[in-house]
Amino acid sequence: AKRHGRNAIQYFDDGINREAQQRLQLNEGLRRALGSDELFVEYQPRYDISGLKVLGAEALVRWRHPEQGLVSPMTFIPLAEESGLILELGGQVLRQACVAAQQWNRDSLTPVPVSVNLSPRQLRDPDLIGAVCDALQHSGLPPELLELEITETVVIEDINRVLGTLHELRDMGISISVDDFGTGYSSLIYLKKLPVDTVKIDRSFVNDVPGSTDDEYLIEAIISMAHSLRLRVVAEGVETEEQRAFLQRLGCDELQGYLLGRPGSAETMIGLTRDRSRD
Ligand code: C2E
Ligand code: CA
Ligand code: CA
Ligand code: CA
């Protein structure tokens, strides 16, 4: 039994090492990928509540690893956040997204803004404002056509530090949205203090409506609270017409999800915005 136990521990150690090694390797790969075409950005359109008009698009980073193929951002963003590579990576996404949005807005009558995800580390970075100004200048995109998505957790953990940055961004004309709304705690209290324009209801709540009474009430509460603070509400992960109709009934403002459009290339966005200017 003793021997068995030692083997089990040995096995356990190997497991941890293997995982640590994999993470290390992935991080090295990511470092090499920075600035190469292994990393690129896709855009997922955001629609009005009837699902007819494109009102925006979210930039989502992609990594095509030479051996492993597409690696999910759910895997490599946390790694980049831990190692600090996120600052370089996030800066590149910001630049690319601004260039793309400037391009799809060039011949469009009604401008369609782009939303870029900011990781907690980026939001705490003293050079963030510099990186944002750089991306706007480089692309020529008006700041009014840039929105930054932040998560509630970072704000709650570090409110005083983050508040100044958010005000500065807002003063530049940039919009702020709170991503994954409903997944954190104490959000209602903090939301009131924050200079934000939009909340995005997390996909996990949209998943089971209509049907799950708990989630139905929760979404209803988020929408009415957000509206009383004069914030726009976007629902994420809308996959069915039933979900769309339910969200419309509750007065949700915008929709994002596979029902309306999957993430696609910047060229696809040019097509979507051009269709609009013709009608
Ligand atoms: P997120 O910000 O909540 O982005 C929405 C995610 O939901 C995206 O996954 C999108 O492809 C997916 N999605 C959209 N509609 C649907 C739907 O109808 N059904 C389902 N099942 N999924 C849908 P993705 O692209 O894999 O990104 C995952 C997460 O990685 C993002 O979640 C975000 O937190 C992070 N991420 C992606 N790009 C960036 C980036 O450039 N910077 C940072 N900091 N994080 C990023
Ligand atoms: Ca997001
Ligand atoms: Ca989300
Ligand atoms: Ca997320």
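The values are calculated or read from the model by the stated rules, or taken from the named source; none is laboratory data. Keep in mind that this is a model prediction, so the values were computed, not measured. Here the Cβ is made from the backbone with ideal geometry for all residues, glycine too, and neighbour counts use every protein chain on show.
Candidates are the residues of region 67-86 that are hydroxyl-bearing (Ser, Thr, Tyr) and farther than 11 Å from ARG121 by Cα; the one that is nearest to ligand 2 (Cβ to nearest atom) is SER72.
Has region 173-195 got at least one residue that is modelled with pLDDT of 95 or more and acidic (Asp, Glu)? Looking through region 173-195, none of the residues is modelled with pLDDT of 95 or more and acidic (Asp, Glu). Scanning region 225-279 for residues that are of a type in the set (Val, Ile, Thr) and either crowded, with 22+ Cβ neighbours inside 10 Å or assigned to a helix (DSSP H, G or I) (or both) returns VAL233, VAL234, VAL238, THR268, ILE270, THR273.
Does any residue in region 219-248 that is under 14 Å from SER177 (Cα atoms) and more than 16 Å from ligand 4 (Cβ to nearest atom) come within less than 8 Å, Cβ to Cβ, of a residue that is assigned to a helix (DSSP H, G or I) and of a type in the set (D, E, K, R) six or more places away or on a different chain, and which pairs are these? Partner pairs satisfying both residue conditions: LEU229/LYS192.
Output the residues belonging to region 135-149 that are touching a residue at least 40 places away in the same chain (Cβ under 8 Å) and either under 19 Å from ASP202 (Cα atoms) or more than 14 Å from the chain's Cα centre (by Cα) (or both). Those that are touching a residue at least 40 places away in the same chain (Cβ under 8 Å) and either under 19 Å from ASP202 (Cα atoms) or more than 14 Å from the chain's Cα centre (by Cα) (or both): ALA135, HIS138, SER139, LEU141, LEU145, GLU147, GLU149.
Select from region 195-223 the residues that are touching an Asp or Glu at 6+ places or on another chain (Cβ under 7 Å) and either over 30 Å from GLU168 (Cα atoms) or more than 16 Å from ligand 1 (Cβ to nearest atom) (or both) and list them in ascending order. Residues satisfying the conditions are PHE205, VAL206, ASP208, VAL209, PRO210, ASP215. Exactly one of (1) within 19 Å of VAL154 (Cβ to Cβ); (2) more than 16 Å from ligand 4 (Cβ to nearest atom) is unmet by ASP179. Its number? Among (1) within 19 Å of VAL154 (Cβ to Cβ); (2) more than 16 Å from ligand 4 (Cβ to nearest atom), the lone unmet condition for ASP179 is (2). Looking across region 243-260, just one residue is within 15 Å of ligand 1 (Cβ to nearest atom) and at positive phi, and that is GLY257. If you go through region 52-69 and keep only what is of a type in the set (A, V, I, L, M, F, W, C), in a strand (DSSP E or B) and within 18 Å of SER108 (Cα to Cα), you end up with VAL54, LEU55, ALA57. In this structure, VAL54 qualifies as surrounded by 14 or more Cβ atoms within 10 Å (Cβ to Cβ), modelled with pLDDT of 95 or more and either within 14 Å of ligand 2 (Cβ to nearest atom) or within 19 Å of MET269 (Cα to Cα) (or both). Taken over region 100-134, the criterion of being within 28 Å of GLY164 (Cβ to Cβ), among the aliphatic types (A, V, I, L, M) and more than 16 Å from ligand 2 (Cβ to nearest atom) is satisfied by LEU128, ILE129, ALA131, VAL132.
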